[in-house]
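Chemist: Take a look at the following structure, please.
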Amino acid sequence: MRSLKGFDNAGNYRETRATGEFRDVIDLQGVTKHYEVGPVLVTALAGIDLHVDAGEFVVVLGASGSGKTTTLNIIGALDTPSSGKVTVGGRDLTASSRSELFALRRETVSFIFQSFNLFPGLTATENVEFGMDVSGRNGSADPAEILDSVGLGHRLGHFPHELSGGEQQRVAIARALATGNPVLLADEPTGELDFKTGAQILELLAEQASRDRAVLVVTHNREISRMADRVVEMSSGNIVSDGPPEGGKMPLSELHW
Amino acid sequence: MWLLRLRWSLRDARRRWLQIVGISFTLAIGIGLYAGLSSVTQWRLTSIDKSLEVTNMYDLRATITEGSDVPTGALAAIAAEIDGVAEYNERLVVDTQIDAVVDGEEVLVHGRVVGMEMSESGSVVNDVFLIEGDVLPASGTATPQVLIDRNFAAFWGLPTDGNVTVGGDIDVEYVGHAVSPEYFLIVEGNGSLGKSNLAVLFAPLAAAQDISGKSGAVNDLVLTLEPGADAEAVRQQLIDATGSLDGALLDVITRDETPSYVGLVGSPEIDQGIYDAISLLLFVGAAFAALNFSARMVEAQRREIGAAMAIGEAPRSITIRPILIGLQIGVLGMILGVVVGYAISFQTVSVIQETVRLPIFEQPFQGSIYGRALAIGFAVPMLAVFWPVFRAVRVRPVDAIRSSHLASRGGSLGPIISRIPLPGRSLERMPIRNLMRAPRRTFLTLLTFTMSLAIMFAMLGMSSTFTTTFDEGNKELLGAEPDRFAVQFDSFYPVDSPQVQDVLTNPMVQLGETAIVLGASATAAKSDDSVDEATRLDLAIRFVDFGSDVWTPTMTTGTLSRGAPGIVLADKAARDFGVGVGDDVVVTHPALVDREFAYSTRTLPVTAIHPHPLRLNAYMDLSQASTWGFGGLANIVTGVPADGTSLNEVKRALFGSGKGVSLMQGLGDSFRSVEDSLDQSQGVFFITRIFVIFLVMLIAFNTANINVDERSRDHATMFAYGVPVRRVIANLSVEGLLLGLAAVVLGGLFGYALLLWMALFLMPTAIPEIGMIVSVRWWEMAVSFVLALAAIAVAPMFPGRKLKKMFIPGQLRVME
């Protein structure tokens, strides 16, 4: 599984491209998720199929309660499906043990959160080092270079509370990149940011897909979906559409929200 | 509105019940320890007063010189003639040897028969109070019947009635356990007799005369004074009356000069000094912990407070819910504080009652003490909630509701300290970074651990200081012979007399040497030949052969000069006198002039200092005894049992000889009464240590629990990145350990300072006769600290279950 040695300092996923291994990095088949809320059984996912390849930039679009975050959580092994089969990075999550799921999160998926979730006690560099440490890539890349690649080469020793929201999100992306994992999962990554900053973040994420990572962005912002390779729209736990953005992929400069 | 807030805060309490109980308990230990220990002192003081009142302890006691006695009525006649005497009792007090069998084991100890007029209504002065058993019959019985002292009986577990052998051959039946004011606390024989090795038998005067073979004799008078009477004038009249006693000297002491009384009434206040120090430190530590934890609990609600502000709720109304949380903690802390206080009180009382046998022990609720402790205990969580609420309502609502990068931060040292570069990987740095991030919290937690560990250090140090002091003292007196003993005669005998020779030549005795022991007092001599009365101390001067091959005192400074005049003082005595080798002391001592005893005063140079901790012990060369009129005489023989002979066999053989032996005991008993009385301090120290360890665990548990709650997002993020739960717990443990290690260092330093204060300043006030040798048993200290550290390190495992069961998406706020 640790065939991820081929990342360069910028986090490019070169080995996968060369070997073709894990091209089908995400595969969901008939996945359902039910929650019991008191006496009521709530269906968050009603049996979805989803397939994402490496190098794809996918936006999962939907209103609140549509099931998009649940999908993201299941792909990231943060939650388990009620039924169906989930394969990420070649590993069947539904048949994996708890420790295997932890290992998957270390080695295959990386998260970017709406509220950044940086470690407040660690500097920007240390937050990035954290990503490298947990994925076992310590020493294989320079965290300063990774931060530089997201435009934060001048903020290395700053603590999260000393950074703006956009800078914090860029540190969060750098931390995710530092893991070198082939799947990037971003939950409303621009939710707390202004347009300009959000656009920069999306640009960074799109760039990761171009480096052969599978990038999944969950959002309720339809405008964002216009820059994706593919838009998966969800409603009431179902995928209601799956394809290129309506009107074709647009450059970032034409987006507004 | 209040009702809704109350319901809401009760729901808060239900959700956080573990934290609320934990904080309340922390507070309760502080409240309880302070109130509990302070209550005990009040109980003791009240009970001592009532016990002394009910037994009518004497104001003055007149004793005829050891070995002498006068006919019954002679002392009473003197008392009857003196103005100001209210009541009096003649007594016969005879030292002897008592042989008791306890569970098949023979207990051969120093004994004392105290005979006085007794009736069912009790004695007039210094009554004997029956604790359990039967009152003594009015008329004589075939076998003499007595009451046995409760201290001795309880120590050895004697039944309510039974038999003992007095003086080697007289069978005496005891029919109950009793106490008398001189023996509420046993301090006898210059400290060599305690509850374990002094058996006092209380008997009607006639029975005591029969048992001791002193028919019709008395040697002791106890009396009380009329209100307003001048004790000194009465004392002088008693001494002046000596002329009518056919050459016998009368030694008169007041109640305040009675060692057991001094120990009895003095020790509670001195103990309270120690209790105050312990409980205050612990109370402050617990209060800080509660303050810290409560504040953190409320700070966790900062966003909710912001939301309330955003919807227009008045700040005053917003404060209600956090205040109710403080109220819950305060009220629960107070309830638990009373429970803990009483638990500590009763544990402590049971320890104290083992040492001080009072006929009356009352334990009324100490309203003012508990009131004080509870008021502070209640105020602490209230203050704790006010601060974060005050801060929260001062920020703009928009800032308060933001949880991310725009949330208000406030200024602190955190960012500065956090810039210190650290080695290791990010995960390894995290515990230190977390500690640095919130210096105030870290400091408060450290403070509470430090105070707890300082108390533990001091308690352990006091235990080992006592033990070392006694061990060193015994080592000094015993030399290489653990069974070394002293035979004391009832008078001074020529060394070639049968009394002395029988002991020296007894086949059970080897290495026998004669000596003289005299009670004296001394003061430091001033340069203008006057004396410094403020330094007057009692001394037991022992004339021993400084050229002996068997035993001589060890010197710390100076030399033993055989044949030369001069005195060898204990280090503690020299310090209290303020003298050193070459300085003079003025000694007032008994001298034998024309076969009559008289008091004499002379100036002696200090020739050496010895290390024995007992201040009383002073030595002079045997050759100098002649200058005091005691040449060629002895009242002591020291020796060791012959090979194959036990100390008990020697005791029985020598005491049974009937030739003037009044006391025979091992020299290792020199601290017996102090060791016995310090059992209670050791007991209290032990109880305190248990509560301290419990408090450390509680603080560690609360810290870990609150950390887990506060950092749930951090932990969820770590889990999202695949960091295993065990690693997160390990990080929390490391964080605790780092704090614990810092607390060990600081606690060790503060604890050592506390130990020095207690051993070198407080204890000398309580027991000035002993020069404490401050000692720390490092291995014991290390084990205790390692246990405390282990408790701190293990604490994060308790909320580990919470971490394992965490719903990660919920904590990451990614759920829709």
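Chemist: Mind listing just one residue for me: the one in the stretch B:703-723 that is β-branched (Val, Ile, Thr) and either more than 12 Å from chain A (Cβ to nearest Cβ) or in a helix (DSSP H, G or I) (or both) and, of those, surrounded by the fewest Cβ atoms within 10 Å (Cβ to Cβ)?
Modeler: Here is the first cut: in the stretch B:703-723, the ones β-branched (Val, Ile, Thr) are B:703, B:706, B:708, B:717, B:723.
Still in the running and either more than 12 Å from chain A (Cβ to nearest Cβ) or in a helix (DSSP H, G or I) (or both): B:703, B:706, B:708, B:717.
Working: B:Thr703: 26, B:Ile706: 23, B:Val708: 21, B:Thr717: 24.
Step by step, filter the stretch B:703-723, then rank; the result is B:Val708.
Chemist: Kindly provide the set of residues from the stretch B:252-291 that are under 19 Å from B:Ala384 (Cβ atoms) and either touching a Ser or Thr at 6+ places or on another chain (Cβ under 6 Å) or not in a helix (DSSP H, G or I) (or both), ordered by number.
Modeler: Hits for the stretch B:252-291 are B:Gly285, B:Ala286, B:Phe288, B:Ala289, B:Ala290.
Chemist: Restricting the stretch A:54-92 to residues that are without any contact (Cβ under 8 Å) to a residue 40 or more places away in the chain, buried (at least 22 other Cβ atoms within 10 Å of the Cβ) and of a type outside the set (S, T, N, Q), which is nearest to B:Pro809 (Cα to Cα)?
Modeler: The residue in question is A:Leu78.
Chemist: So is B:Ala76 among the aliphatic types (A, V, I, L, M) and surrounded by fewer than 19 Cβ atoms within 10 Å (Cβ to Cβ) or not? Can you show your working first?
Modeler: Details: among the aliphatic types (A, V, I, L, M): yes; surrounded by fewer than 19 Cβ atoms within 10 Å (Cβ to Cβ): yes.
Spelling it out, B:Ala76 is indeed among the aliphatic types (A, V, I, L, M) and surrounded by fewer than 19 Cβ atoms within 10 Å (Cβ to Cβ).
Let's see how each residue does on (1) at pLDDT below 80; (2) more than 30 Å from B:Thr688 (Cβ to Cβ); (3) crowded, with 22+ Cβ neighbours inside 10 Å:
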{"residue": "B:Ile305", "(1), (2), (3)": "yes, yes, yes"}
{"residue": "B:Ile311", "(1), (2), (3)": "yes, yes, no"}
{"residue": "B:Pro315", "(1), (2), (3)": "yes, yes, no"}
{"residue": "B:Ile329", "(1), (2), (3)": "no, no, yes"}
{"residue": "B:Val338", "(1), (2), (3)": "no, no, no"}
{"residue": "B:Tyr342", "(1), (2), (3)": "no, no, no"}
{"residue": "B:Gln347", "(1), (2), (3)": "no, no, no"}
{"residue": "B:Val351", "(1), (2), (3)": "yes, no, no"}
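Chemist: Taking into account only those residues within the stretch B:130-159 that are on the phi < 0 side of the Ramachandran plot and in a strand (DSSP E or B), which is surrounded by the fewest Cβ atoms within 10 Å (Cβ to Cβ)? Full working, then the answer.
Modeler: Let us first name the residues in the stretch B:130-159 that are on the phi < 0 side of the Ramachandran plot, namely B:130-132, B:134-156, B:158-159.
Then keep just the ones that are in a strand (DSSP E or B); that gives B:130-132, B:145-149.
Numbers: B:Leu130: 19, B:Ile131: 17, B:Glu132: 12, B:Gln145: 20, B:Val146: 27, B:Leu147: 28, B:Ile148: 28, B:Asp149: 30.
Ranking the qualifying residues of the stretch B:130-159, first place goes to B:Glu132.
Chemist: Restricting to the stretch B:545-569, and then to whatever is in contact with a Phe, Trp or Tyr (Cβ under 6 Å, 6 or more places away or on another chain) and crowded, with 19+ Cβ neighbours inside 10 Å, can you tell me which residue is farthest from B:Gly580 (Cα to Cα)?
Modeler: This residue is B:Pro553.
Chemist: A:Lys85 passes all but one of (1) facing chain B (nearest Cβ under 7 Å); (2) in contact with a strand residue (DSSP E or B) (Cβ under 6 Å, 6 or more places away or on another chain); (3) of a type in the set (D, E, K, R); which number fails?
Modeler: The failed condition is (1).
Chemist: If you go through the stretch A:51-74 one residue at a time, how many are within 12 Å of chain B (Cβ to nearest Cβ) and either assigned to a strand (DSSP E or B) or among the β-branched types (Val, Ile, Thr) (or both)? Explain how you work it out, then say what you get.
Modeler: Going through the stretch A:51-74, the residues within 12 Å of chain B (Cβ to nearest Cβ) turn out to be A:60, A:62-74.
Subsequent filtering for residues that are either assigned to a strand (DSSP E or B) or among the β-branched types (Val, Ile, Thr) (or both) retains A:60, A:62, A:69-71, A:74.
Adding up the residues that qualify gives 6.
Chemist: Tell me which residues, restricted to the stretch B:467-495, are assigned to a loop (DSSP other than H, G, I, E, B) and in contact (Cβ under 8 Å) with a residue 24 or more places away in the chain.
Modeler: Within the stretch B:467-495, the first condition is being assigned to a loop (DSSP other than H, G, I, E, B), and the residues that meet it are B:479-484, B:495.
Passing the criteria: B:Gly479, B:Glu481, B:Pro482, B:Asp483, B:Arg484, B:Val495.
Chemist: Determine whether the stretch B:724-732 contains at least one residue that is of a type in the set (D, E, K, R), within 13 Å of chain A (Cβ to nearest Cβ) and touching a helix residue (DSSP H, G or I) at 6+ places or on another chain (Cβ under 9 Å).
Modeler: The first filter runs over the stretch B:724-732 and keeps only residues of a type in the set (D, E, K, R), leaving B:726-727.
Okay, now just the ones that are also within 13 Å of chain A (Cβ to nearest Cβ), so B:726-727.
Among the residues that remain, those that are also touching a helix residue (DSSP H, G or I) at 6+ places or on another chain (Cβ under 9 Å) are: B:726-727.
Yes, the conditions are met somewhere in the stretch B:724-732.
Chemist: Something else now. Is there a residue being in contact (Cβ under 8 Å) with a residue 12 or more places away in the chain, part of a loop (DSSP other than H, G, I, E, B), over 16 Å from the mean Cα position of the chain (by Cα) and away from chain B (no Cβ under 14 Å) anywhere in the stretch A:35-44? Break it down stepwise before answering.
Modeler: Narrowing the stretch A:35-44 to residues in contact (Cβ under 8 Å) with a residue 12 or more places away in the chain: A:43-44.
After this cut, where a residue has to be part of a loop (DSSP other than H, G, I, E, B) as well, the list is none.
No - not one qualifying residue is present in the stretch A:35-44.
Chemist: Regarding the stretch A:173-190, can at least one residue be identified that is on the phi > 0 side of the Ramachandran plot and at the interface with another protein chain (Cβ under 9 Å from one of its Cβ atoms)? Can you show your working first?
Modeler: Of the stretch A:173-190, the ones on the phi > 0 side of the Ramachandran plot are A:180, A:188.
Those left that are additionally at the interface with another protein chain (Cβ under 9 Å from one of its Cβ atoms): A:188.
Yes, the stretch A:173-190 has at least one match.
Chemist: Still on this structure, I have one more. Which members of the stretch B:427-445 meet the condition of being more than 7 Å from every other protein chain (Cβ to nearest Cβ), under 20 Å from B:Gly722 (Cα atoms) and either surrounded by 19 or more Cβ atoms within 10 Å (Cβ to Cβ) or in contact with a Lys or Arg (Cβ under 6 Å, 6 or more places away or on another chain) (or both)?
Modeler: Answer for the stretch B:427-445, where residues must be more than 7 Å from every other protein chain (Cβ to nearest Cβ), under 20 Å from B:Gly722 (Cα atoms) and either surrounded by 19 or more Cβ atoms within 10 Å (Cβ to Cβ) or in contact with a Lys or Arg (Cβ under 6 Å, 6 or more places away or on another chain) (or both): just B:Pro431.
Chemist: Let me ask you something else. Considering only residues that are aliphatic (A, V, I, L, M) and either within 20 Å of A:Leu205 (Cβ to Cβ) or facing chain B (nearest Cβ under 9 Å) (or both), which ones fall in the stretch A:119-148?
Modeler: At the first step, the residues of the stretch A:119-148 found to be aliphatic (A, V, I, L, M) are A:122, A:124, A:128, A:132, A:134, A:141, A:144, A:146-147.
Matches in the stretch A:119-148: A:Leu122, A:Ala124, A:Val128, A:Met132, A:Val134, A:Ala141, A:Ile146, A:Leu147.
Chemist: Scan the stretch A:189-202 residue by residue and report those that are under 14 Å from the mean Cα position of the chain (by Cα) and not in a loop (DSSP other than H, G, I, E, B).
Modeler: Of the residues in the stretch A:189-202, the ones under 14 Å from the mean Cα position of the chain (by Cα) are A:189-190, A:201-202.
Once the filter is applied, which keeps residues that are under 14 Å from the mean Cα position of the chain (by Cα) and not in a loop (DSSP other than H, G, I, E, B), the stretch A:189-202 yields A:Ile201, A:Leu202.
Chemist: Which condition breaks for B:Glu513 when tested against (1) closer than 27 Å to B:Thr65 by Cβ; (2) assigned to a helix (DSSP H, G or I)?
Modeler: (2)
Chemist: Also, quick follow-up: Somewhere in the stretch B:36-53, is a residue under 15 Å from B:Leu225 (Cα atoms) and buried (at least 16 other Cβ atoms within 10 Å of the Cβ)?
Modeler: Taking the stretch B:36-53 and keeping what is under 15 Å from B:Leu225 (Cα atoms), we get B:52-53.
Subset that is buried (at least 16 other Cβ atoms within 10 Å of the Cβ): B:52.
Checked against the condition, which is being under 15 Å from B:Leu225 (Cα atoms) and buried (at least 16 other Cβ atoms within 10 Å of the Cβ), the stretch B:36-53 yields at least one hit.
Chemist: Restricted to the stretch A:158-172, and to residues that are facing chain B (nearest Cβ under 7 Å) and small (Gly, Ala, Ser), which residue is nearest to the chain's Cα centre (by Cα)?
Modeler: Going through the qualifying residues, I end up with A:Gly165.
Chemist: For the stretch B:160-230, give me every one of the strands (runs of 3 or more DSSP E) that falls completely inside it and has 1 or more residues that are charged (D, E, K, R).
Modeler: Details: elements: B:162-166, B:170-179, B:198-204, B:220-225.
In the stretch B:160-230, the matching strands (runs of 3 or more DSSP E) lie at B:170-179, B:220-225.
Chemist: Further question: Would you confirm, using the coordinates I've provided, whether A:Ala186 is closer than 25 Å to A:Leu152 by Cα, assigned to a strand (DSSP E or B), modelled with pLDDT of 85 or more and not acidic (Asp, Glu)?
Modeler: Numbers: closer than 25 Å to A:Leu152 by Cα: yes; assigned to a strand (DSSP E or B): yes; modelled with pLDDT of 85 or more: yes; not acidic (Asp, Glu): yes.
In short, yes.
Chemist: Are there helices (runs of 4 or more DSSP H) fully within the stretch A:93-160 with at least 3 residues that are without any contact (Cβ under 8 Å) to a residue 12 or more places away in the chain? List them.
Modeler: In the stretch A:93-160, the matching helices (runs of 4 or more DSSP H) lie at A:98-107.
Chemist: For the stretch B:802-815, indicate whether the set of residues that are of a type in the set (A, V, I, L, M), within 14 Å of chain A (Cβ to nearest Cβ), assigned to a loop (DSSP other than H, G, I, E, B) and in contact with a strand residue (DSSP E or B) (Cβ under 8 Å, 6 or more places away or on another chain) is non-empty. Walk me through how you get there before you give the answer.
Modeler: Applying the first criterion (of a type in the set (A, V, I, L, M)) to the stretch B:802-815 yields B:803, B:806, B:808, B:812, B:814-815.
Pick out the ones that are also within 14 Å of chain A (Cβ to nearest Cβ) and you get B:803, B:806, B:808, B:812, B:814-815.
After this cut, where a residue has to be assigned to a loop (DSSP other than H, G, I, E, B) as well, the list is B:806, B:814-815.
Keeping just the survivors that are in contact with a strand residue (DSSP E or B) (Cβ under 8 Å, 6 or more places away or on another chain) gives B:814.
Scanning the stretch B:802-815, I find at least one residue that is of a type in the set (A, V, I, L, M), within 14 Å of chain A (Cβ to nearest Cβ), assigned to a loop (DSSP other than H, G, I, E, B) and in contact with a strand residue (DSSP E or B) (Cβ under 8 Å, 6 or more places away or on another chain), so the answer is yes.
Chemist: Is it fair to say B:Ala700 is modelled with pLDDT of 90 or more and either farther than 15 Å from B:Leu460 by Cα or crowded, with 24+ Cβ neighbours inside 10 Å (or both)? Explain how you work it out, then say what you get.
Modeler: Values: modelled with pLDDT of 90 or more: no; either farther than 15 Å from B:Leu460 by Cα or crowded, with 24+ Cβ neighbours inside 10 Å (or both): yes.
So B:Ala700 does not fit the description; no.
Chemist: Among the candidates B:Gly111, B:Gly84, single out the residue that is buried (at least 21 other Cβ atoms within 10 Å of the Cβ) and touching a residue at least 40 places away in the same chain (Cβ under 8 Å).
Modeler: Numbers: B:Gly84 fails: buried (at least 21 other Cβ atoms within 10 Å of the Cβ).
So the residue among B:Gly111, B:Gly84 that is buried (at least 21 other Cβ atoms within 10 Å of the Cβ) and touching a residue at least 40 places away in the same chain (Cβ under 8 Å) is B:Gly111.
Chemist: With the condition kept exactly as written, say whether any residue in the stretch B:44-52 is at pLDDT 90 or above and either among the acidic types (Asp, Glu) or in a loop (DSSP other than H, G, I, E, B) (or both).
Modeler: Checking the stretch B:44-52: at least one residue is at pLDDT 90 or above and either among the acidic types (Asp, Glu) or in a loop (DSSP other than H, G, I, E, B) (or both).
Chemist: For the stretch A:213-257, what are the residues that are in contact with a Ser or Thr (Cβ under 6 Å, 6 or more places away or on another chain) and more than 30 Å from A:His34 (Cβ to Cβ)?
Modeler: Of everything in the stretch A:213-257, just one residue is in contact with a Ser or Thr (Cβ under 6 Å, 6 or more places away or on another chain) and more than 30 Å from A:His34 (Cβ to Cβ), namely A:Pro245.
The values are calculated or read from the model by the stated rules, or taken from the named source; none is laboratory data. All of these numbers come straight from a predicted model, not from anything done at the bench. Please note: Cβ atoms are built from the backbone with ideal geometry, for glycine as well, and neighbour counts cover all protein chains shown.
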